[in-house]
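Taking it in order: structure first as structure tokens, then the write-up.
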Amino acid sequence: MRGLADFIMAGRIQAVTAAVGFAVLAMLLPPVALLSGAVVALVTLRLGLSAGLTVAALGSVALALMGWVIAGRPELGLLFGLGQWLAPVLFAELLRRTVSWRVTLQALLLVSLGLVVLGQAMWPELSGYWRTLLEQMMAPGLTEGGLTPDQIDEALDRLAAIMTGILGASLMLGTALMVVIGRYWQAALYNPGGFGEEFRELRLGLWPAVLVLGLVLGVAFLDSVLIGQLALVAAAMFIFQGLALAHGLAGRLKWHVGWLVALYVLLLLPPFSPYAVAMVTAFGVIDCFADFRARVGAGSRGDE
């Protein structure tokens, strides 16, 4: 990874090449898009907003040329580039200016919640659109799985009701991960060990935790599709605090690295990932009130 970061920071042409290369590869392997966004995040974190926007703009022009040559649709490449790179540039710049993960992630959370509200207000029929799309994509598989037509309709209706929230949470987490990777590369090049120290102390703050609890209560007592979508987005951000808590406790208690590896395996394996994600998220929210790392730190100092 350090070698890749060195290549990116060697010059503007190298940065654009890396960003575009990963963007093209992401058409075959979608998760690689995170690395493409991380390239512009790294440039922004190190050289500032102007440099990050320049790489994003040049990369978008390159993708537009590819779209024109391959499909005669340059606007597709342009929109793809700007849609993928603008957010990580802006939030990387916010992190560069504030030097605060709390401020950066809180701002990203608020923007994501605002976009979900805006989308629901501008397109109130979104649930119907999601319902039609999900039926085309999933109904055959659910039928083969032995579900009855009524069960399939119920499952699709429930999923369609929160699809806007799922999309909002996915875009939010994707942007955050791009900035995280960019920050990791920056630390590897210019401040070895600095990223680990930052991440282990990451906290989102009290008001986002109160917001999550309020939205969850709203879901329990109010029949509101919008509140359910907002609860999903707000809760998703606490995955980061849950992971930071795990790393922080592992460092303070001198856990073997195998425990963290096992946690990430559970988060990534489909049979276990929903439960692991829910557990990490819940501990992230609880940590805002309990501050486990401070308690463990105080206990460790007392033992010494």
Handout entry: Single residue of segment 150-164 satisfying the filter (buried (at least 17 other Cβ atoms within 10 Å of the Cβ), without any contact (Cβ under 8 Å) to a residue 40 or more places away in the chain and within 14 Å of residue 126 (Cβ to Cβ)) that is farthest from the chain's Cα centre (by Cα)
Key = 160
Completion exercise
Residue set 133, 126, 108; condition aliphatic (A, V, I, L, M), under 30 Å from residue 203 (Cβ atoms) and out of contact with any Asp or Glu (no Cβ under 6 Å at 6 or more places or on another chain); output residue 108
Practice task
Take residue 215 and decide whether it is free of Cβ contacts under 8 Å to residues at least 40 places away in the same chain, part of a helix (DSSP H, G or I), closer than 29 Å to residue 81 by Cα and in contact with a helix residue (DSSP H, G or I) (Cβ under 9 Å, 6 or more places away or on another chain).
Solution key: no
Completion exercise
Selection from segment 1-27 of residues surrounded by 16 or more Cβ atoms within 10 Å (Cβ to Cβ), small (Gly, Ala, Ser) and not in a helix (DSSP H, G or I) yields 26
Exercise for the section: Confirm whether residue 60 is closer than 22 Å to residue 32 by Cβ, assigned to a helix (DSSP H, G or I) and without any contact (Cβ under 8 Å) to a residue 60 or more places away in the chain. Expected result: yes
Handout entry: Pick from segment 170-221, criterion of a type in the set (Val, Ile, Thr) and open to solvent by less than 60 Å² (accessible area, probe 1.4 Å), ranking: nearest to residue 112 (Cα to Cα)
Key = 175
Exercise for the section: Enumerate the pairs (first residue in segment 283-304 and in a helix (DSSP H, G or I); second residue anywhere and among the β-branched types (Val, Ile, Thr) and at pLDDT 65 or above) with beta-carbon separation below 6 Å, excluding pairs fewer than 6 apart on the same chain, so at least 6 apart or on different chains. Expected result: 285/212
Problem - Any hit, segment 82-93, residues being part of a loop (DSSP other than H, G, I, E, B) and buried (at least 16 other Cβ atoms within 10 Å of the Cβ) - result: no
Exercise for the section: Answer yes if at least one residue in segment 178-192 is in a loop (DSSP other than H, G, I, E, B), closer than 29 Å to residue 9 by Cα and not charged (D, E, K, R), and no otherwise. Expected result: yes
Completion exercise
Looking across segment 222-249 at residues that are more than 16 Å from residue 203 (Cα to Cα) and small (Gly, Ala, Ser), the single one that is surrounded by the fewest Cβ atoms within 10 Å (Cβ to Cβ) is 224
Problem - Count of residues meeting criterion [open to solvent by 30 Å² or more (accessible area, probe 1.4 Å) and in contact with a Phe, Trp or Tyr (Cβ under 6 Å, 6 or more places away or on another chain)] in segment 56-81 - result: 1
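The values are calculated or read from the model by the stated rules, or taken from the named source; none is laboratory data. Note that the coordinates shown come from a computational prediction; the quantities given were computed from them, not determined experimentally. Note that each Cβ is placed from the backbone with ideal geometry, even for glycine, and that neighbours are counted across all protein chains shown. The protein model used for the area step is the full one, side chains on, heavy atoms only, and it has no ligands, DNA or RNA in it. Shrake-Rupley method; radii C 1.70, N 1.55, O 1.52, S 1.80 Å.
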